[in-house]
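J.: Below are the structure tokens for one structure; questions will follow.
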Amino acid sequence: MTDPRLAGLVQTLPDLRLLTDPADLEHYGRDWTRRWTPAPLAVALPSSVAQVQAIVRWARGAGVAIVPSGGRTGLSGGAVAANGELVVSLERMNRVLGFDPVDRTLTVQAGTPLEAVQNAARERGLAYPVDFAARGSCSIGGNIATNAGGIRVIRYGNTREWVAGLKLVDGRGELLDVGRGLVKNSSGYDLRHLTVASEGTLGIIVEATLRLADPPPPTSVMLLALPDFEALMQVFSTLRARLRLEAFEFLTDRALHHVVAHGAQPPFAETYPFYVVTEFAAGEAEEAAALEAFEHCVGEGWVVDGVISQSEAQAAQLWRLREGITESVARYVPYKNDVSVRISAMPAFLAETQALLAREYPHFDVVWFGHIGDGNLHINVLKPDDMAQDAFVADCERVTRLLAGALQRHGGSISAEHGIGLVKKPYLSSTRSAAEIEVMRGIRRVLDPDGLMNPGKLFDP
Ligand code: FAD
Ligand code: MLT
Ligand code: ZN
């Protein structure tokens, strides 16, 4: 036990699991961004709501900042602890607490991994439809704190839609039980929705009651090759009108290059500029409709090649081409942009952004992919091996300012689903007005009067 301040915490909670080993501090002090040097004071691993409340009350007295921590798969630096904070990891609070078949809700501790929630729902004959590649590692608390999206938003919406209630230990150590699973509740401000996407700045989510959906229909997966960006939106409109889409995702040739270099099977003998991975409800009629839609797109020149999955294994293989991108580029410590515009604004925004990035990034490997059906683009700029990280980030930030300007003109958002965290903090004002940010600061002051909950994230105090 190195820091004398921790003695008070140990005295208050002798049973609390507390880590101070340098390897643990490094492990729990960073997320997937890998940009900041982890330097937390210690890591607390509470096992109950009462312990979380006691930790927050101790932190207030001791003036120690807290970083709430889930699976640390975040891509915006929200869970980074680089300034002597106490990391409060929810990983030991990972149990399913209850299932209500009438309400069709599942109540879980906030550290429960997304995949465990999906499995628990499936075992009960229902589905938890939020889904993305980090499912095995990310936590429900982190998903709520970022309003995570993923690959099925086009049909099921973001995490926000599925939170029927939650318990939050706020920055004063108070336990707020909000939403309580009610379908209808017009009794004032919705503190549940305020907590969604709060990125740990209002308190620590300790429990969530999640709505469950009907099990999904049997589906097929189709991979399409496209000649240009313009074709993307045409193919999207065509398929959305003719099929029940469960997902509509895109990637560029550079994205495919990295996934294949990382071990995925190349889908076609040739390479093409753009690809779409789409999943749709399957059956005899749907397969026929899909084939017709495919032929229509080929006839129009929007699609130049394609394959439809014939088995679950083949569907998984096609999905790997899309879901494997993040891991395949991780070694380049990419600078990630996660932007959104209204779907109707997408064609104009795409054209402007494509021209902007071609002009500004002739020297970098730029990997585009994302949830095009939701108006959400991921633009990853890969760091050249021989470039210092500081110089690389400085150049990317220069271009992000230009991108933020384009987003402002098109009414978009600088963070579609990853959160603002540290990475996008300088650009918050491109998405939120000064008046809005002032209201957010005010809300934070009420729930976290000492500014100890994840300080420096989202906006500066
Ligand atoms: P962390 O990274 O631990 O934390 C994220 C933020 O939430 C931090 O600000 C943290 O302080 C806060 N937080 C965590 N737990 C709590 C809690 N209990 N109470 C209060 N605040 C808390 N995201 C998407 O939206 N869509 C995707 O498709 C997607 N795909 C991904 C694929 C890969 C391979 C990876 C690595 C990441 C992906 N992500 C995606 C990003 C990430 O998985 C999500 O943001 C996820 O919701 C983070 O959950 P986490 O538990 O890892 O949170
Ligand atoms: C994705 O859609 O794959 C994720 O948001 C992860 C990423 O952007 O790298
Ligand atoms: Zn995404």
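J.: Within the P(r) computed for region 54-187, what percentage of the Cα pairs occupies the region above 20 Å?
T.: 49 percent
J.: Please report, in cubic angstrom per residue, the volume enclosed by the convex hull of the alpha-carbon atoms of region 5-91. Intermediate results must be reported in sequence, preceding the final value.
T.: Details: hull volume 7.2 nm³, N = 87.
Once divided by residue count, the hull of region 5-91 is 83 Å³.
J.: Under the 0.36 nm per residue contour assumption, what length would be gained going from the current alpha-carbon distance of Val333 and Val102 to full extension?
T.: 78.6 nm
J.: Here is a follow-up. As a footprinting exposure proxy, order Trp36, Trp368, Trp319 by other Cβ within 10 Å, with the fewest listed first.
T.: So the residues, fewest neighbours to most, are Trp36, Trp319, Trp368.
J.: Would you calculate, for the chain, the mean residue ellipticity at 222 nm contributed by helices, counting each DSSP H stretch of 4 or more residues as -39,500 (n - 2.57) and dividing by all residues, to the nearest 500?
T.: My calculation for the chain gives -10500 deg cm²/dmol from helical runs alone.
J.: Continuing with the same structure: In whole angstrom, note down how far apart the Cα centers of region 1-35 and region 327-353 are.
T.: That distance is 36 Å.
J.: Sticking with this structure for a sec: How big, on average over all directions, is the shadow cast by the Cα convex hull of region 101-164, in nm²? Each step should come with its number before you reach the end.
T.: Values: hull surface 16.2 nm².
Projected over every direction and averaged, the Cα hull of region 101-164 covers 4.1 nm².
J.: Name the shape class, rounded, prolate or oblate, that the alpha-carbon gyration tensor gives for region 219-326, where a ≥ b ≥ c are the square roots of its eigenvalues, rounded holds for a/c under 1.5, and otherwise prolate holds if a/b is larger than b/c and oblate otherwise.
T.: Because a/c hits 1.5 or more and a/b fails to exceed b/c, region 219-326 counts as oblate.
J.: Post the alpha-carbon centroid distance, region 269-295 to region 190-268, in whole angstrom.
T.: Comparing the Cα centres of region 269-295 and region 190-268, I get a distance of 16 Å.
J.: Let me have the relative contact order for the chain, percent, based on Cα pairs under 8 Å that are six or more residues apart. All intermediate terms of the calculation are to be shown ahead of the outcome.
T.: Values: 940 pairs, mean separation 72.4, N = 461.
Computed over the chain, the figure is 16 percent.
J.: Which of Arg95, Arg152 comes first, and how do the rest follow, when ranked by fewest Cβ neighbours within 10 Å?
T.: Result, fewest neighbours first: Arg95, Arg152.
J.: When the convex hull of the Cα atoms of the chain is projected onto a plane and the area is averaged over all directions, what value comes out in nm²?
T.: Values: hull surface 89.6 nm².
Projected area, direction-averaged: 22.4 nm².
J.: Straight-line reach from Lys383: which lysines have a Cα under 19 Å away, not including same-chain ones fewer than 8 places off?
T.: Partners within reach: Lys336, Lys424.
J.: Let me ask you something else. Sort Met453, Met440 so that the residue with the fewest other Cβ atoms within 10 Å of its own Cβ comes first and the one with the most comes last.
T.: Fewest to most other Cβ atoms nearby, the residues stand as Met440, Met453.
J.: By how many degrees, between 0 and 90 and to the nearest 10, does the Cα long axis of helix 389-410 differ from the longest principal axis of the chain?
T.: 70 degrees
Coordinate-derived values only; no laboratory data. Here the structure is a predicted model, which means the values were calculated and not measured. Quick reminder, even Gly has a Cβ in these numbers, built from the backbone with ideal geometry, and neighbours come from all protein chains shown.
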